[in-house]
Amino acid sequence: MKKCDLHIHTIPTISDENFLFCMETLDDYITKMQIDVIGITNHNVFNLCQFNDINTRIGNKIVVLPGVEVNLENGHILVIANNTPSELEDFNEKCQQVSNLIKNATDQLSVDQFKSIFSPLSKYLLVPHYEKDPKLSRQIINELSENIFAGEVTSVKKFLYMLKNEEERLTPLLFSDFRPQSSSVQYPTRQTYFEVDEVNIQTLRGCLMDKLKVKLTPVGNERFSVLDDGLLLSTKLNIMLGKRSSGKTYTLNRIAEAYNGRAKYIRQFELLDNTPGADQFNTQIKVAQEAYVKLFLKEFEEVVQDILQVPSQEQDENDIEKFVISLKECAEESATKDVYSHSIIYNESKFIIPSEQEIQQVIEATIVLLENKNYQDIIGKYITLEQLISLLQELFTKYDEIVLQKKKKEEANIIIDEIKSVLHLKSSSPSISNIDFYTIALHYHKRKLFEEIASGIKREYIIHKEKVGNFTIEISTHPYINATDMKYGRKIALADAFNKYEIGSSYSFLEALKEVGVESDKIHTLFTKVEYKILNSSGLPVSGGERSEFNFMQKIKDSQLCDILIIDEPESSFDNIFLNQEINSFLKEMSQQMPVVISTHNSTIGASIKPDYILYTEKFINAQNEPEFRIYGGSPSAKTLRTISGEEIPNYTITMDSLEAGKIAYAERKRMYETLDN
C-alpha cells in the first residue's frame, strides 16, 4: 500500500491566495504524515526547476510526481505525469502551452485544446474535481471517459458515498490541496492509500480501475485519520469518554478546526442557553421554511402581477362611455360632414396586434421534449425524433409569420394614427373615439377569473408537512379573521382594505391595497394567512422544553449538508427518555451517512447507542510540569484501548468509571433497581 497525496501547491498563481512555499514544511509534512507519493500540481503552471529542487530534497524518501491543475471548461482537472527525465521535458513543454493560454483566473481551456496539448491522454493520470468545487461537468468527464477512472472529493463522507454507490463508475480520491508554508500549524489528513507496489502512471491508472484498491487507512475504510498526530475515528459512530477537564472539548475543537467550516458542531449547553421564546422560535421556523410558502404562492404571484397591469373596471367603463358619446355625436352630425370626415380612414379602428407569446411557449415545450435524455424512451413511443424536428421547423415558420404580421400591423397603426391626426385637424366634424372591445372583454374575463383564483387561495390548506423525529412541522393557510391579523412590514393601515377582503371582493381588495401603498411584489402575500406550527407527538404545539428538543433534532438533520457531526455532552440539555427514544436512533441513522463524534458521561448515549469506536481522554502532567492530553481509542468490544504511541488502558474500567461512576456505584444501583422492581 502506498499513501498518496497527489494535490499539493508550491507556487502561488492567479487562482490562489498568495502564500510563500516552504521546503522544510513540505519535508516535515511528508515525514510526519508518512506519505509515500506526492504530486506537485500548481494552477496552470509547471516549474521544472522548482520540481527538480523538490525531487532532489525529498525524492530519496518518497516518489515525487510532476503535475498541473488545469482550468478546463469551468472546472478543474489534475494532470499527473511520470517523473523520468524524457517525460519531464515533454510535460514541461505541454504545461507551457497551458500557461500561455491561461493568463487570467477566468480563462479556460476547451476540451479540444486540452486533448490537443496533452495528446495522447493515456500517458497521464487524469483526476477531475468531482465532489469538489469547481467541479468538472459530467458532460466533459464523459467526453474524456476513456482516460478518467477517478474523481477528487473533499471529505470522508463523500469518499465513502462514491465507494458504496454501485452506479458510480469513478473511484473516489481524497487529497490535501495543501500549500506548505512556514506558518502551517496543523497538517491536512486528506490522503488516499493505493494498493500498488511500484509507482508510475500506468500502475496508478490500473489501480484506480478497481474501487476496492483505494482505502482511507492501510487496513480498510472503517477508520480514518482525523488529526495530523494520527488520531483515528470510525467512519460511523464515535463515543468520546473521559473525566471532567480531561481534554474532551479540547479534542472536539481540534477536530472541528481540522474540517475548516465543514463540521456541524453542537457545543455543550448550546441549546439550553439559547432556547428561544415562542415568538422568536416561530420566527426561526418561518425563516427556515418560507421556501415552501414561496413555491406555493408562486403561480398566484404571477396572476397578481398580471392583473395589476389590467386597467380598473372604472377606466374600461369610462372608455366605453366615451366611445358611445362620440358615436352618437358623429351620427347626429352626419349631415354636416365635409370631404375630410367622409373618408373611410377618418373613423377607422386600429389593427389588433397579435402576440407571439403562446407560440413561444409551444416552441420551448417542443425543445424540452427534443433535448430530454432521461425520458427519451417514453417520448419515442409516441412521437419520433424526426417528427419532433419537423414540428419544431413548422413552429419556427409560423413564429416568423406571426412576427411579420405583428410588424406590419404595428406599422399600419402608425400610418393610420398619422393620417387620422391630419384629417381631424382639417375637419370640424366629430370623430369616433378609438376603442378595443376585444381588449376590454379580455380585461373583464381576467377580473372575473381573478376573483375565482383569489377565493381559492384564501381557503384552508396544508402547504407542507414534515416529520422531524417525534415532531411535525406544519405550514398551513387560512383566511384572515380581522385586520389586526393582517400584518404587513411597514406601518400601513389595512382596516379599510380588510372590509373589501371580508365581503369577498378580491379585486376591490387588490385595488385597496394598491391605494394604501402596499408594494406590488408583496400584494399577493396578503390574500391568505400563513401559519407555521411545530407539533409534538400528541399533535399539540410544543412547550418550552420541547422547543429545545426540536432545535436539537433540527440541528442534527441540518448536519446532512456538512462532512462530520460533532456533539459535546447532549445529556446536559435533555433527559434520558428523550435521548434513548429519539436521539439515539437519529444519531445512528446519521452515522450511516457521515462520521459522528459524541462526547458524553451518560450511559444512555455512551453505551445504549452501541457505538462503532470508543475514545477516552486523559490529562496528565509531563516531565516539564506541563499538562498534556492522551487519547486512547479502540473498538467497543476491545479488551484494551490504546494511544497512538502504544499506551494501554482497560476498556471495562474506563467504561464503568465514565458511564456508571465506577463498579461499586453500578452494583449498588443495580441492587436498588432490582429491589424496586420486586
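In terms of its C-alpha gyration tensor, region 87-151 has an oblate overall shape, because the principal axis ratio a/c (a ≥ b ≥ c, square roots of the eigenvalues) is not below 1.5 and a/b does not outweigh b/c.
Taking the Cβ-Cβ separation of Glu451 and Ser116 as r and a Förster radius of 56 Å, what is the calculated FRET efficiency to the nearest 0.05? That gives a FRET efficiency of 0.30.
Given the chain, what percent of its DSSP beta bridges are antiparallel, to the nearest 5?
Numbers: 48 of 84 bridges.
The answer is about 55 percent antiparallel.
Pairs over the 20 Å Cα-Cα cut-off, from the set Lys157/Lys213; Lys215/Lys639; Lys458/Lys533; Lys448/Lys529: Lys215/Lys639; Lys448/Lys529.
What the pair-distance distribution of region 1-130 shows, using all Cα-Cα distances binned every 10 Å from zero, is 12, 46, 33, 9, 0 percent.
The angle separating the long axis of helix 313-332 from the principal Cα axis of greatest extent in the chain is about 20 degrees. By the gyration tensor of its Cα atoms, with a ≥ b ≥ c the square roots of the eigenvalues, what is the shape of region 424-572: rounded for a/c under 1.5, prolate for a/b over b/c, or oblate? It is prolate, given that a/c is not under 1.5 and a/b is the larger ratio. By the gyration tensor of its Cα atoms, with a ≥ b ≥ c the square roots of the eigenvalues, what is the shape of region 2-221: rounded for a/c under 1.5, prolate for a/b over b/c, or oblate? It is rounded, given that a/c, with a ≥ b ≥ c, falls under 1.5.
Among residues other than Arg642 whose Cβ falls under 12 Å from its Cβ, what is the net charge (Lys/Arg +1, Asp/Glu -1)? Please report the intermediate quantities before stating the final value.
Numbers: positive: Arg630, Lys639; negative: Glu647, Glu648.
Spelling it out: positives minus negatives among the neighbours equals 0.
Just so you know, the Cα atoms of the chain work out to an Rg and Dmax of 36.3, 123 Å.
With angles folded into 0 to 90 degrees, how steeply does helix 544-558 sit against the dominant principal axis of the chain? Use alpha carbons for both and round to 10. With rounding to tens, the tilt is 80 degrees. Overall, the ratio between the Cα radius of gyration of region 303-422 and 2.2 N^0.38 Å, rounded to two decimals, is 1.73.
Each helix, a run of at least 4 DSSP H residues, gives -39500 (n - 2.57); summed and divided by the residues of the chain, these come to -13500 deg cm²/dmol at 222 nm.
The dipole here belongs to the chain: it is taken about the Cα centre, uses +1 on the Cβ of Lys and Arg and -1 on the Cβ of Asp and Glu, and is about 1760 debye. Using the Cβ of Ser110 as centre and a radius below 15 Å, the other residues enclosed give a net charge of -3, where K and R count +1 and D and E count -1. One decimal place: the segment Asn165-Glu628 gains 162.5 nm when fully extended, by the rule 0.36 nm per residue minus the C-alpha distance. Think of the chain as a dipole: +1 on every Lys or Arg Cβ, -1 on every Asp or Glu Cβ, centred on the Cα centre; then among Ile117, Ile503, Ser334, Ile117 lies furthest on the positive end.
Backbone N atoms of region 323-354 closer than 12 Å to the 7 Å Cα→Cβ label point of Thr439 belong to residues 350-354.
Note on region 377-484: semi-axes of the ellipsoid equivalent to its C-alpha gyration tensor, largest first and rounded to whole Å, are 49, 34, 11. For region 358-407, the calculated P(r) over all alpha carbon pairs, in 10 Å bins from 0 to the bin holding the longest distance, is 25, 47, 21, 7, 0 percent. Neighbours of Lys458 by Cβ distance under 12 Å: Lys/Arg scored +1, Asp/Glu scored -1, total -2.
No value in this document is a laboratory result; all are computed from the given coordinates. What you are looking at is a predicted structure, and each value in this text was computed from that prediction instead of being measured. Neighbour counts run over all protein chains shown; Cβ positions are idealised from the backbone, glycine included.
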